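**Q** Structure provided below as structure tokens; questions to follow.
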Amino acid sequence: MEVYYIGLFFLTILWLIMVRNGEKEKHGRWCLCAWIVLSTIEGLRSFDIGTDTSMYAYLFATDGMDSFEAGFQLLGQFVHLFTNDPSFFLLVISLVTNGLVIFSIYKISSQPYISVFCYVTLYYYFQSFNAMRQYIAIGVILVAYSFLRQRHFIKYLLGTFVAILFHNSAIVGFLFLPYHFIKISNKGSLNILKSLIFPFIIGGVVTISFNFGLNFLVTIFPKYAVYLQMADYFEGIDVVQQIVINSAIFLAYILFTDNREFTLPLGTAVALSFMISSVGMLARFVWFFDIFSIFAIAEIWNTRLLEVRSKLLIRFAIFLSCISFMTYYLSMNVMRVANYSFSIF
């Protein structure tokens with residue numbers, strides 16, 4: 001697992017060297033380096049690194065990708081034009097996934113280094129070793145959101161449709177459109193209270209509309225009807241850590257910043273985190289919302305609401321908590337990524 005820490009250390013040194021006065025152009029050059037480093041580590045991994053890596057490699061090598069969404073099939077067919085080597089396919093997937101995520105960080109984040117740091121240490125990066133189709137979709141949704149916040153609605157809608165072509169769960173990306181028009185004030189204790197109770201509102205709405213929404217999704221995507229017969233998808237799963245982490249980030253964002261842009265995505269992540277303890281199949285949908293933590297933590301890092309000493313303590317707590325979280329998950333070999341080895345050796 002040392003390669004992950006070496007990669008982070010290298011990117012940290014690059015940031016300190018390249019970005020001293022916060023120029024956007026220098027942010028872009030550093031983001032390009034981060035894309036290359038993270039994609040190289042992920043793309044050149046052995047087939048036993050990642051829960052589903054060997055399965056994807058096998059299906060690519062044997063032309064067995066017919067059951068996947070159209071966008072992922074097209075990506076596989078494109079790579080087949082050049083090679084049948086599954087290692088190259090994994091490299092292309094990593095370049096696409098990390099390219100999309102880091103491009104969105106460059107466009108959205110107020111502190112790209114912290115967002116990339118959190119992308120890795122909060123384990124989103126390692127989730128992409130496993131849920132490859134869905135993480136391409138998540139990356140596309142993030143880019144689509146970057147268009148939405150600039151009021152480029154057509155580009156946002158097109159991006160969301162593209163995301164669905166890689167993973168059908170990306171249909172939840174359409175929620176960001178109404179979220180965009182909901183304005184949450186950052187002034188006054190009453191508005192803070194409203195922000196804090198938002199997850200409970202979302203949780204109640206999802207609970208009431210769950211059965212209708214599930215049947216609607218199955219109508220749109222009939223191939224998922226088989227899951228209705230599988231009881232495991234409706235059983236709860238142990239998500240105490242996810243609840244605690246998403247809730248802590250949400251609370252810190254509300255209390256320590258005057259930014260409210262990411263309140264609704266983070267609140268939705270908290271609400272769904274509680275709900276998957278009862279309905280496990282909702283876990284995949286959480287990933288489209290808790291990924292916004294990488295932007296929210298950057299806002300906490302740059303907060304203007306705290307004095308210098310308090311801000312330094314917050315930054316130290318963020319750094320220590322994130323590194324500890326990654327170290328713990330790697331020690332538990334979550335997603336089977338701990339015992340890293342390169343495919344080329």
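**Q** Restricting the first residue to the range 25-46 and requiring it to be closer than 16 Å to ASP85 by Cα, which pairs with a second residue that is in a helix (DSSP H, G or I) and open to solvent by 10 Å² or more (accessible area, probe 1.4 Å) meet a Cβ separation below 6 Å and a spacing of at least six or different chains?
**A** So the pair list comes out as GLY43/LEU91.
**Q** Continuing with this model, one more query. From the list ARG304, ARG260, ARG284, pick out the single residue that is surrounded by fewer than 20 Cβ atoms within 10 Å (Cβ to Cβ) and in a helix (DSSP H, G or I). So that I can check it myself, show each step before the final result.
**A** Working: ARG304 fails: in a helix (DSSP H, G or I); ARG260 fails: in a helix (DSSP H, G or I).
The unique qualifying residue is ARG284.
**Q** Here is a check on your reading of the model: is TYR113 among the hydroxyl-bearing types (Ser, Thr, Tyr), open to solvent by 10 Å² or more (accessible area, probe 1.4 Å) and touching a His at 6+ places or on another chain (Cβ under 8 Å)?
**A** Working: among the hydroxyl-bearing types (Ser, Thr, Tyr): yes; open to solvent by 10 Å² or more (accessible area, probe 1.4 Å): yes; touching a His at 6+ places or on another chain (Cβ under 8 Å): no.
Spelling it out, it is not the case that TYR113 is among the hydroxyl-bearing types (Ser, Thr, Tyr), open to solvent by 10 Å² or more (accessible area, probe 1.4 Å) and touching a His at 6+ places or on another chain (Cβ under 8 Å).
**Q** Provide a single number: the residues in the range 172-181 that are farther than 20 Å from VAL96 by Cα and either open to solvent by less than 50 Å² (accessible area, probe 1.4 Å) or part of a loop (DSSP other than H, G, I, E, B) (or both). Steps first, answer last, please.
**A** Of the residues in the range 172-181, the ones farther than 20 Å from VAL96 by Cα are 172, 174-181.
Applying the additional criterion that residues be either open to solvent by less than 50 Å² (accessible area, probe 1.4 Å) or part of a loop (DSSP other than H, G, I, E, B) (or both) yields 172, 176, 179-180.
Total meeting the criteria: 4.
**Q** Right, something else. Take residues that are of a type in the set (A, V, I, L, M, F, W, C) and at pLDDT 95 or above and tell me which of the helices (runs of 4 or more DSSP H) falling wholly in the range 84-152 contain 3 or more.
**A** Numbers: elements: 86-108, 112-121, 124-127, 132-148.
Output list reads 86-108, 112-121, 132-148.
**Q** I'd like the full set of residues that are at pLDDT below 90 and open to solvent by 40 Å² or more (accessible area, probe 1.4 Å), limited to the range 17-47. Steps first, answer last, please.
**A** Narrowing the range 17-47 to residues at pLDDT below 90: 17-28.
Hits for the range 17-47 are ILE17, MET18, ARG20, ASN21, GLY22, GLU23, LYS24, GLU25, LYS26.
**Q** Considering the range 153-171 alone, what residues qualify as being part of a helix (DSSP H, G or I) and open to solvent by less than 50 Å² (accessible area, probe 1.4 Å)?
**A** Step one: filter the range 153-171 for residues part of a helix (DSSP H, G or I), giving 153-164, 168-171.
Correct list: TYR156, GLY159, THR160, ALA163, ILE164, ASN168, SER169, ALA170, ILE171.
**Q** Which ones in the range 56-65 are more than 22 Å from the chain's Cα centre (by Cα) and more than 18 Å from ILE164 (Cβ to Cβ)? First the steps, then the outcome.
**A** So in the range 56-65, the residues more than 22 Å from the chain's Cα centre (by Cα) come out as 57-65.
Residues satisfying the conditions are ALA57, TYR58, LEU59, PHE60, ALA61, THR62, ASP63, GLY64.
**Q** Scan the range 182-193 for residues that are open to solvent by 60 Å² or more (accessible area, probe 1.4 Å), among the hydrophobic types (A, V, I, L, M, F, W, C) and modelled with pLDDT under 80 and report the count. Steps first, please.
**A** Going through the range 182-193, the residues open to solvent by 60 Å² or more (accessible area, probe 1.4 Å) turn out to be 182-183, 186-187, 189-190, 193.
Of the ones still in play, those that are also among the hydrophobic types (A, V, I, L, M, F, W, C) are 182, 190, 193.
The next check asks that each one be modelled with pLDDT under 80; those that pass are 190, 193.
The total comes to 2.
**Q** Could you tell me how many of the residues in the range 118-148 are farther than 26 Å from VAL79 by Cβ and open to solvent by 10 Å² or more (accessible area, probe 1.4 Å)?
**A** Number satisfying all stated conditions: 3.
**Q** Name, by its number, the condition in (1) open to solvent by less than 10 Å² (accessible area, probe 1.4 Å); (2) touching a Gly at 6+ places or on another chain (Cβ under 8 Å) that does not hold for ARG336.
**A** Going through (1) open to solvent by less than 10 Å² (accessible area, probe 1.4 Å); (2) touching a Gly at 6+ places or on another chain (Cβ under 8 Å) one by one, ARG336 breaks only (1).
The values are calculated or read from the model by the stated rules, or taken from the named source; none is laboratory data. None of the values given here were measured: they were computed from a predicted structure. Every residue, glycine among them, receives a Cβ derived from its backbone with ideal geometry; neighbour counts consider all protein chains shown. Surface areas here come from the heavy atoms of the whole protein model, side chains and all, with no ligands, DNA or RNA. Shrake-Rupley method; radii C 1.70, N 1.55, O 1.52, S 1.80 Å.
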